[in-house]
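Enquirer: Got a structure here, written out as structure tokens. Questions coming.
Every number here is computed from the coordinates shown, using simple stated rules; none is lab data. Remember, predicted model here, so these are calculated numbers, not experimental data. Here the Cβ positions follow ideal geometry from the backbone for every residue, glycine too, while neighbour counts run over all protein chains shown.
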Amino acid sequence: MNKKLDVMMIFEGTYPYNGGGVSTWAHLLCDKVKNANYTLYSVNANYEEKPKFKLSKSVQKVIQLPMWSPLETSELEISEKKYYKIVSKKVKDDDAAITAVFVPIFEKLLQLIFTDNANVNEIDDTVYEMWRFFQKHDYKKTMKSLAVWNSFKTNSSQIIANDQHYQATLNDFTVAMRWLYRFLMPISIQVPKMDVTHISLSGFPVLPALILKYQYGTPIIATEHGVFIRERLIAINSSEFSFFLKNFLIKFSECITKLAYHKTDVILSVNKFNIAWEMQYGANPDKINVIYNGIDHSLFVPAEKPAQLKNTPTVVAAARIFELKDILTMIRSCAVVAKEIPNVKYLIYGDNNAVPEYTKTCNALIKELKIEKNFIFAGHHNNPQQLYCEGDISILTSISEGFPYTVIESMSCGIPVVATDVGGVTEALNEDCGMICKPKDHEGIGQSVIKLLKDSELRKKMGVAARERVIAHFTIDKFIRNYEVAYEFTAQAAVSEAPNYSNSLLKSAMNK
């Protein structure tokens, strides 16, 4: 293909308005891929004024959906649509159509959500019918109608009536309906025609991609970082929601995950660990391939430790401060190390405001353990390629990961890593390059840090091996080329008379 492909990349809470591994991955693609122009579709909690990244020239447009904004979608898109058309559409909507046409579709969705092992073809048909309805009818008026609310209460009550495990309050019903309203919003928003859609997780971001698939047959590529449904299960089960709300959100998320794997044409996992989860939720193994993340090893290079830290045993981390990074375990490991190495310093670079309540909990633990001088939230680092060289080692204590950039960036800088055994960490980091620990084991993590800080020869040996491993397996050139091949392969297969997205064919194309 000579013409650049039009690719819509869809994100949830990441690029281009927030940092993190997914955003690093996306920014590299937008900046380096030569055969695609990008439209970014960013689903955020609230409206974001300005991207955090300087966008590449390949980014043609950014569509933003602030899912929890008080404004409805059509009001936020007012610059692209004539106001009178929006008003006219609302006036034409009649309650009879909502009751007669939409409510039966809505009730089918509820049944599927509450059904164990719901048929994915039925989920697909139901979402398709909802999308068709919203082609002609206003989303807000429909979803907030009395008919839909009454249907939700009645059907939910009937479905749970025979289950003695839990009761649902009126507040539970209200919260669950609010979730439905917000999470399903994308199916009411028209998106521009594309050659390929590329979703960054196999969850709710599939909805905008489905619109293009329903309307134009546009193929979908999914890149699986941390497995959406796994991380959703962790978050929901650790929440304080009622049993009804936990059950509802888990089942709703599982339905969407199954639909995503069913409708996606190519699944490009960032590690092999994810594959078992993908297949458990219905992904066809013949769709799955692995493309490891890659970095610029000529940018992330070994360097001298800053003079002010030379005599200080230093542990560095690059991490957003939120639950999945398990900063609490990192803090506790610091307390273990400080007992044996009193002048140790942990420097944690990353967004402190991602989850303010979690940051508050972290600060309280630091104070409780009396390690205020040892554990420092250092905020944003202007030169991430220099960040790792401030430390003698780097650390990652996550309870869920895809294929973390922080690990391979540190390795490329010749800095050994202490990391938890989650996701694809051990596919990047082997025993020659660092130390692997059990998640949440602050004592084990702390002892690994102590061992490396006290043994300079071991650190040096691991640092050399770490950089060699990155150069051999995780360079940016290989990473970018594989995505260029995947885009072209997927687009060409879509326009053929008998589309074939077999991963064996894709792998063959990558190896040419």
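Enquirer: Charges on Cβ only, +1 for Lys and Arg, -1 for Asp and Glu, centred on the Cα centroid of the chain; of S502, F322, I295, which one is farthest towards the dipole's positive end?
Expert: I295
Enquirer: Oh, and also: At 7 Å along Cα-to-Cβ for each site, give me the label-to-label distance between I234 and K61 in nm.
Expert: According to this spin-label approximation, the distance is 3.6 nm.
Enquirer: Taking the highest mean first, how do the peptides 278-287, 200-209, 122-131 order by number of other beta carbon atoms within 10 angstrom per residue?
Expert: Put in order of decreasing packing, that is 200-209, 122-131, 278-287.
Enquirer: Aspartates and glutamates within cross-link reach of K54: Cα-Cα under 12 Å, excluding same-chain residues under 8 positions apart?
Expert: Cα-Cα hits under 12 Å: D31.
Enquirer: Which FRET efficiency value, to the nearest 0.05, do you get for N150 and N121 by plugging their Cβ-Cβ distance into 1/(1 + (r/R0)^6) with R0 = 41 Å?
Expert: Between N150 and N121 the formula returns 0.90.
Enquirer: When the helices in the chain are scored as -39500 (n - 2.57) per DSSP H run of 4 or longer and the sum is shared across all residues, what 222 nm value do you end up with, to the nearest 500 deg cm²/dmol?
Expert: -14000 deg cm²/dmol
Enquirer: On to the next question. Among the aspartates and glutamates, which fall within straight-line cross-link reach of K507, defined as a Cα-Cα distance under 12 Å, with same-chain neighbours fewer than 8 residues apart omitted?
Expert: Within reach: D286.
Enquirer: With N denoting the number of residues in the chain, provide Rg(C-alpha) divided by 2.2 N^0.38 Å, to two decimal places.
Expert: The chain yields a ratio of 1.03.
Enquirer: For the range 209-364, what's the relative contact order in percent, using C-alpha pairs closer than 8 Å and at least 6 residues apart?
Expert: 18
Enquirer: Let me ask something additional. By how many nm would the segment from A276 to A364 lengthen if fully extended, with 0.36 nm per residue of separation less the alpha-carbon distance?
Expert: Stretched fully, the A276-A364 segment lengthens by 27.9 nm.
Enquirer: Grab the Cα-Cα distance for A307 and N284, subtract it from 0.36 nm times how many residues apart they are, and report the gain in nm with one decimal.
Expert: 2.9 nm
Enquirer: So, in Å, what gap is there between the alpha-carbon centers of the range 366-402 and the range 475-491?
Expert: One Cα centre to the other: 33 Å.
Enquirer: Positive end of the charge dipole of the chain (Lys, Arg +1 and Asp, Glu -1 on Cβ, about the Cα centre): tell me which of M8, Y216, T99 has its Cα farthest that way.
Expert: Of the candidates, M8 comes out farthest on the positive side.
Enquirer: For the range 266-364, what are the per-bin percents of Cα-Cα distances with bins 10 Å wide, up to the bin holding the maximum?
Expert: Spelled out bin by bin, the range 266-364 gives 12, 25, 28, 24, 8, 1 percent.
Enquirer: Related question: So, R0 is 22 Å and r is the distance between the beta-carbons of K507 and Q386; what FRET efficiency does that work out to, to 0.05?
Expert: Computed FRET efficiency for K507 and Q386 comes out at 0.05.
Enquirer: Okay, next question. Restricting the count to DSSP beta bridges whose residues both fall in the chain, what percent are antiparallel, rounded to a multiple of 5?
Expert: 0
Enquirer: Now for a separate question. In the chain, which helices (entire DSSP H runs) extend 27 Å or more along their own long axis, judged by Cα positions, while averaging at least -1.0 on the Kyte-Doolittle scale?
Expert: Answer set is 243-263, 476-495.
Enquirer: Past 19 Å, Cα to Cα, is the threshold; run K153/K263; K272/K461; K339/K367; K50/K141 against it and keep the listed order.
Expert: K153/K263; K272/K461; K50/K141
Enquirer: Report relative contact order for the chain in percent, whole number only (criteria: Cα-Cα under 8 Å, sequence separation at least 6).
Expert: Dividing the mean separation by the residue count of the chain yields 14 percent.
Enquirer: Compare the peptides 182-193, 375-386 by average per-residue count of other Cβ atoms within 10 angstrom and give them in order, highest first.
Expert: 182-193, 375-386
Enquirer: What is the extension gain from E107 to D94, computed as 0.36 nm multiplied by their sequence separation minus the C-alpha to C-alpha distance, in nm to one decimal?
Expert: Going from the current span to full extension adds 2.8 nm.
Enquirer: Stick to the Cα atoms of the range 124-197, pair each with every other, and give me the Kirkwood hydrodynamic radius in Å at one decimal.
Expert: After inverting the pairwise mean of 1/r, the radius is 14.3 Å.
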